[in-house]
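The values are calculated or read from the model by the stated rules, or taken from the named source; none is laboratory data. Computed from a prediction, not measured in an experiment: that's the story for all the values here. Neighbour counts run over all protein chains shown; Cβ positions are idealised from the backbone, glycine included. Areas reflect the complete protein model, heavy atoms only, side chains present, ligands, DNA and RNA absent. Shrake-Rupley method; radii C 1.70, N 1.55, O 1.52, S 1.80 Å.
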Amino acid sequence: MTTQDFHPSRRTVLSGSAALAVAGSGMLTAVADTAVAAEKTATRPDQTKGTKPMLQGSHVTTKDGVQIYVKQWGPQTGQPVVFSHGWPLTGDAFEDQMMFLAQHGYRTIAHDRRGHGRSSQPGFGNDLDHYADDLAAVTEALDLKNAVHVGHSTGGGEVARYIGRHGVSRVAKAVLIGAITPIMVKTDWNPDGVPLEVFDGIRASVKADRSQFFKDLTIPFYGYNRPGAKVSQGVIDSFWLQGMMGGLQAEYECIKAFSETDQRDDLKKMIVPTLVLHGDDDQVVPLATTGKAAAAMLPKGTLKVVPGGSHGMCTTQKDLINEELLAFIRA
């Protein structure tokens, strides 16, 4: 992704630039008791420890009280294939893959990230650590074992951080599709990364008019700006609808999460077979500094570059991606 690829972002970048003292022995005890009670009631939701995550209807409630929307297709006895979606989408972005694999006997599961889609919109926890813990809550509530985890874009970072924080006891394999790993932003150790100013521009665009920005983003996302591209208004509308289902704060804060999170250690902990699928025409997440770099860090990584693949190739080249996933899972 360059400043030329993100026209809306470039325009935005160019245009915008308690302490109380108490005396008296009798009062001191009362004040102390009151303070302890107040501290308990003032504890933030993300600092509390709840019970074991449980599936209630279509939602899993996490330990910090967030409801994560989950949908499941296919036979419940099939091997689980769990999908983590990209920004600013929902689990619906993987419907083509979910139905295809469900028809081949797999139990397919997708959730909406916190702050996105049909999940809760808390004012906290919009970072990869919480995203990973939410995914762990889903796998625990559904008691998933021997699962294949598939993550696209930000979802790829979520899968990597999930394994980095929770290990591979429930994981058989992983797939990173157009993933943000190991990092997107330009750093000292990632000199060819995307300049921070680009992400500042995205933030400004989301704050100014995220509805229009999401419509504009679909063009490079799906490669609709390439010669001969078959533009689908339906796909554009679906992307926009999924994006607008999420909360502004969560989607805004997620930009920092997907662009600035260092995931080198996460990748090293992914000791299961991992397939890296990346399009050579990805205008959103650059192949050289993400897909290729991530594959080199993975203990058991395999890189497969998709010719002409856009960032949204799970939709524009869904038949190819479906077959790649099926072959990798079966291997």
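Does any residue in region 148-161 that is part of a strand (DSSP E or B) come within less than 7 Å, Cβ to Cβ, of a residue that is among the charged types (D, E, K, R) six or more places away or on a different chain, and which pairs are these?
VAL148/LYS173; GLY151/GLU158
Pick out the one residue from ALA136, ALA174, ALA179, ALA147 that is small (Gly, Ala, Ser), out of contact with any strand residue (DSSP E or B) (no Cβ under 7 Å at 6 or more places or on another chain) and open to solvent by less than 20 Å² (accessible area, probe 1.4 Å). If you could, list the steps in order and put the result at the bottom.
Values: ALA174 fails: out of contact with any strand residue (DSSP E or B) (no Cβ under 7 Å at 6 or more places or on another chain); ALA179 fails: out of contact with any strand residue (DSSP E or B) (no Cβ under 7 Å at 6 or more places or on another chain); ALA147 fails: out of contact with any strand residue (DSSP E or B) (no Cβ under 7 Å at 6 or more places or on another chain).
Selected residue: ALA136, the only one of ALA136, ALA174, ALA179, ALA147 that is small (Gly, Ala, Ser), out of contact with any strand residue (DSSP E or B) (no Cβ under 7 Å at 6 or more places or on another chain) and open to solvent by less than 20 Å² (accessible area, probe 1.4 Å).
Which condition number does PHE328 fail, the rest of (1) open to solvent by less than 60 Å² (accessible area, probe 1.4 Å); (2) of a type in the set (A, V, I, L, M, F, W, C); (3) touching a Leu at 6+ places or on another chain (Cβ under 9 Å); (4) not in a helix (DSSP H, G or I) being met?
In the conditions (1) open to solvent by less than 60 Å² (accessible area, probe 1.4 Å); (2) of a type in the set (A, V, I, L, M, F, W, C); (3) touching a Leu at 6+ places or on another chain (Cβ under 9 Å); (4) not in a helix (DSSP H, G or I), PHE328 misses (4) alone.
Among the candidates GLU260, GLU253, single out the residue that is of a type in the set (D, E, K, R), touching a strand residue (DSSP E or B) at 6+ places or on another chain (Cβ under 7 Å) and either crowded, with 19+ Cβ neighbours inside 10 Å or at pLDDT 95 or above (or both). So that I can check it myself, show each step before the final result.
Working: GLU253 fails: touching a strand residue (DSSP E or B) at 6+ places or on another chain (Cβ under 7 Å).
Of the residues listed, the single one that is of a type in the set (D, E, K, R), touching a strand residue (DSSP E or B) at 6+ places or on another chain (Cβ under 7 Å) and either crowded, with 19+ Cβ neighbours inside 10 Å or at pLDDT 95 or above (or both) is GLU260.
Scan ASP192, ASP200 and give me the residue that is assigned to a helix (DSSP H, G or I) and of a type outside the set (A, V, I, L, M). Steps first, answer last, please.
Details: ASP192 fails: assigned to a helix (DSSP H, G or I).
Testing whether each residue is assigned to a helix (DSSP H, G or I) and of a type outside the set (A, V, I, L, M) leaves just ASP200.
Are there any strands (runs of 3 or more DSSP E) wholly within region 32-118 with 1 or more residues that are touching an Asp or Glu at 6+ places or on another chain (Cβ under 7 Å), at pLDDT 95 or above and surrounded by fewer than 23 Cβ atoms within 10 Å (Cβ to Cβ), and if so which? Step through it out loud before you land on a result.
Numbers: elements: 59-61, 67-73, 80-84, 107-111.
Correct list: 67-73.
Tell me which residues, restricted to region 274-296, are surrounded by fewer than 18 Cβ atoms within 10 Å (Cβ to Cβ) and farther than 22 Å from PRO195 by Cα. Spell out how you get there, then give the answer.
Going through region 274-296, the residues surrounded by fewer than 18 Cβ atoms within 10 Å (Cβ to Cβ) turn out to be 280-281, 288, 292, 296.
Once the filter is applied, which keeps residues that are surrounded by fewer than 18 Cβ atoms within 10 Å (Cβ to Cβ) and farther than 22 Å from PRO195 by Cα, region 274-296 yields only ALA296.
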